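Throughout, read-outs are computed from the coordinates displayed, never taken from laboratory work. Quick caveat: nothing in here was measured; it's all calculated off a predicted structure. All Cβ positions, even for glycine, are placed from backbone atoms using ideal geometry, and neighbour counts span all protein chains on display.
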Amino acid sequence: MNTSCRPKRWLPAWSEAVLWPLALALLYWWPVAEGPSLCVYHHLGISWCPGCGLGTALHHLLHGHWAASWAHHKLAGPVVFTLLFRSLQVLITTTRPSWKHRNYSN
């Protein structure tokens, strides 16, 4: 198989499986009240952003404050589920043994 046309990956295949749980862990310990805003729109002076409140909602959800999470952003639950599911999916696909190169003729 010719692999010269494939682009080289600059990150290992399993890096996404580590990145998302790490990001959720950082949001768990992020100081919501005192922390600076991470919103690019907010820093540009735009008052409305579809993602504003998502970080705070994720923080509250990870601490088990369901009502506060729902009040800040309605999609916090699906986001956590999606990120954890994707991490598990990447972990399974990168650690699964490859059956393509095995010789079953013996």
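Filter the range 10-30 down to residues that are surrounded by 10 or more Cβ atoms within 10 Å (Cβ to Cβ) and not aliphatic (A, V, I, L, M) and give me whichever is nearest to L61 (Cα to Cα).
The selected residue is Y28.
For the range 31-50, what are the residues that are of a type in the set (G, A, S) and surrounded by 10 or more Cβ atoms within 10 Å (Cβ to Cβ)?
G35, S37
Output yes when any residue across the range 19-42 is under 24 Å from L88 (Cα atoms), out of contact with any Ser or Thr (no Cβ under 7 Å at 6 or more places or on another chain) and of a type in the set (S, T, N, Q), and no when none is.
Checked the range 19-42: no residue is under 24 Å from L88 (Cα atoms), out of contact with any Ser or Thr (no Cβ under 7 Å at 6 or more places or on another chain) and of a type in the set (S, T, N, Q).
Being surrounded by 14 or more Cβ atoms within 10 Å (Cβ to Cβ) and more than 14 Å from L24 (Cβ to Cβ) is the filter here; which residues of the range 57-70 pass it?
Once the filter is applied, which keeps residues that are surrounded by 14 or more Cβ atoms within 10 Å (Cβ to Cβ) and more than 14 Å from L24 (Cβ to Cβ), the range 57-70 yields H65, A68, W70.
Scan the range 28-55 residue by residue and report those that are in contact (Cβ under 8 Å) with a residue 24 or more places away in the chain and over 15 Å from the mean Cα position of the chain (by Cα).
Listed by number, the residues that qualify are W30, V32.
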